[in-house]
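Colleague: Structure incoming, see below.
The values are calculated or read from the model by the stated rules, or taken from the named source; none is laboratory data. What you see is a predicted model; the values in this text were computed from it and never measured. Backbone-built Cβ (ideal geometry, glycine too); neighbour counts: all protein chains shown. Surface accessibility is based on the protein's heavy atoms, side chains included, excluding ligands, DNA and RNA. Shrake-Rupley method; radii C 1.70, N 1.55, O 1.52, S 1.80 Å.
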Amino acid sequence: MSRCVLIIRIKGQPITNKALPTVAFQVGVLHASMHQIQPPTTIQLSGIQDEFPDWSNFVERQFYSFAEDVKGVLDVSSYRQAIEKFENMKLQLPSSDGPSFIHMDFRPANIIVDEDKVSGMIDFESVRFGSTEIDFTKLYRDFLSFNFSLYQSYQEGYNTLRPLIDLEVVLPFYQFTDAFNSIGWCKRRGIEKNASFLEKNLSILKKVLL
């Protein structure tokens, strides 16, 4: 059976951390509108996974799937410390927020802006239903953390549609796991060609492990 893929061009360019607070507000609205989408209750999903019912195990599977790759990059002491950190931090997480449609790679490169207006988002390869808490990490790392006014405007935009969870509680855990998993990703994809990204995530991980 042939498969047809429809590609629609979204006008604009990826957002940068030099964007105006009004744009960050729109990003918040866009993100919340996505998180408002819940899995259907009357039909069985076939093209997208619903990970929410077993969310804790999903996060754990992701982490340990990269562990063997990370072991080849970190020294023995740091690796053991990272494993212990993961096990301790996951016990302190609040109840999961969802089920919601999550992007899993919601970062500036995938958010398109045209003349100070958010025109859309791209790269839905990793989407699934799950807990919203995992979906803020990359956006904060690459966009919101650079300017408090952007962070504040994003939160205001998000809260117009649904209450934003307490990011100060969940971000440290997901920043840590994202850095750990990204190190494993770099090992799989090639350390030399991903050297800059690897060093960035090693730096994040080392700060968490201090």
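Colleague: Keeping the other protein chains in place, figure out the carbon and sulfur percent of the accessible area of the chain, with a 1.4 Å probe.
Modeller: Numbers: 6230 of 12130 Å².
Carbon plus sulfur share of accessible area: 51 percent.
Colleague: OK, next. Send over the semi-axes of the stretch 1-85's equivalent ellipsoid, whole angstrom and largest first, taken as the square roots of 5 times the C-alpha gyration tensor eigenvalues. Before the final figure, lay out the partial values.
Modeller: Working: eigenvalues 217, 122, 59 Å².
Equivalent ellipsoid semi-axes, largest first: 33, 25, 17 Å.
Colleague: Going through the cross-link list Lys117/Lys206; Lys90/Lys206; Lys18/Lys187; Lys11/Lys187; Lys187/Lys207, which pairs have a Cα-Cα distance over 26 Å in this structure? Each step should come with its number before you reach the end.
Modeller: Working: Lys117/Lys206 37 Å; Lys90/Lys206 18 Å; Lys18/Lys187 31 Å; Lys11/Lys187 34 Å; Lys187/Lys207 20 Å.
Lys117/Lys206; Lys18/Lys187; Lys11/Lys187, as the Cα separations exceed 26 Å there.
Colleague: For the stretch 4-81 and the stretch 104-124, compute the distance between their C-alpha centroids and round to whole Å.
Modeller: Centre-to-centre distance over Cα atoms comes out at 14 Å.
Colleague: Give the relative contact order (percent, whole number) for the stretch 45-190; include only Cα pairs under 8 Å separated by 6+ residues.
Modeller: 34
Colleague: Using only the heavy atoms of the protein chains and a 1.4 Å probe, how would Ile15, Ile204 rank by accessible area, largest first? It would help to have the intermediate numbers written out before the result.
Modeller: On the way: Ile15 10, Ile204 45 Å².
Descending order: Ile204, Ile15.
Colleague: Also: Using 0.36 nm times the number of residues separating Lys71 and Lys200, minus their current alpha carbon distance, what extension gain do you get?
Modeller: Values: separation 129, 0.36 × 129 = 46.44 nm, distance 1.73 nm.
Fully extending the segment from Lys71 to Lys200 adds 44.7 nm.
Colleague: Report ³J(HN,Hα) in whole Hz for each residue of the stretch 102-114, in order, from the Karplus equation J = 6.51 cos²θ - 1.76 cosθ + 1.60 where θ = phi - 60°; Gly and Pro get x.
Modeller: Values, residue by residue: 10, 7, 6, 9, 7, 9, x, 4, 10, 10, 9, 10, 10 Hz.
Colleague: Which whole-Hz couplings ³J(HN,Hα) result when phi for each residue of the stretch 39-51 is put into the Karplus expression 6.51 cos²θ - 1.76 cosθ + 1.60, θ = phi - 60°, listed in order with x for Gly and Pro?
Modeller: Rounded to whole hertz, the list is x, x, 9, 9, 10, 8, 6, 10, x, 9, 7, 9, 8.
Colleague: Nearest 20 debye, what's the magnitude of the dipole of the stretch 101-172 about its Cα centre given +1 on Lys and Arg Cβ and -1 on Asp and Glu Cβ? Display every interim value, and only then the final one.
Modeller: On the way: 6 positive and 12 negative charges, 24 e Å.
That gives the stretch 101-172 a dipole magnitude of about 120 debye.
Colleague: Could you calculate, for the chain, the ratio of the Cα radius of gyration to the Kirkwood radius, expressed as Rg to Rh?
Modeller: 0.97
Colleague: Taking the Cα centre of the chain as origin, sum charge times position over the Cβ atoms of Lys and Arg (+1) and Asp and Glu (-1), and report the length of that vector in debye to the nearest 20.
Modeller: Values: 22 positive and 25 negative charges, 109 e Å.
Computed charge dipole of the chain: roughly 520 debye.
Colleague: A further question on this structure: Measuring with a 1.4 Å probe in the full set of protein chains, what accessible area per residue, in whole Å², belongs to the stretch 80-210?
Modeller: Values: 6560 Å² over 131 residues.
I get 50 Å² per residue for this part.
Colleague: Still on this structure, please answer the following. Report the far tail of the P(r) of the stretch 73-167, meaning the percent of Cα-Cα pairs longer than 20 Å.
Modeller: On the way: 2268 of 4465 pairs.
For the stretch 73-167, the fraction of Cα-Cα distances above 20 Å is 51 percent.
Colleague: Leaving ligands, DNA and RNA out of it, rank Leu209, Leu91 by accessible area with a 1.4 Å probe, largest first. If you can, show how the numbers build up before the last one.
Modeller: Working: Leu209 25, Leu91 135 Å².
Result of the area sort, largest leading: Leu91, Leu209.
Colleague: Projecting each Cα onto the charge dipole of the chain (Lys/Arg +1, Asp/Glu -1 at the beta carbon, about the Cα centre), which of Gln44, Ala32, Phe136 comes out farthest on the positive side?
Modeller: Ranked along the dipole, the leading option is Phe136.
Colleague: Okay, moving on. How high is the relative contact order of the stretch 1-127? Use alpha-carbon pairs under 8 Å, at least six apart in sequence, and give a whole percent. Don't jump to the answer; show the numbers that get you there.
Modeller: Details: 84 pairs, mean separation 61.9, N = 127.
In percent, rounded to a whole number, it is 49.
Colleague: Count the net charge of all other residues whose Cβ sits under 15 Å from the Cβ of Glu60, scoring Lys and Arg as +1 and Asp and Glu as -1.
Modeller: Working: positive: Arg61, Lys85, Lys90; negative: Glu51, Asp54, Glu68, Glu84, Glu87, Glu133, Asp178.
After counting each charged neighbour, the total is -4.
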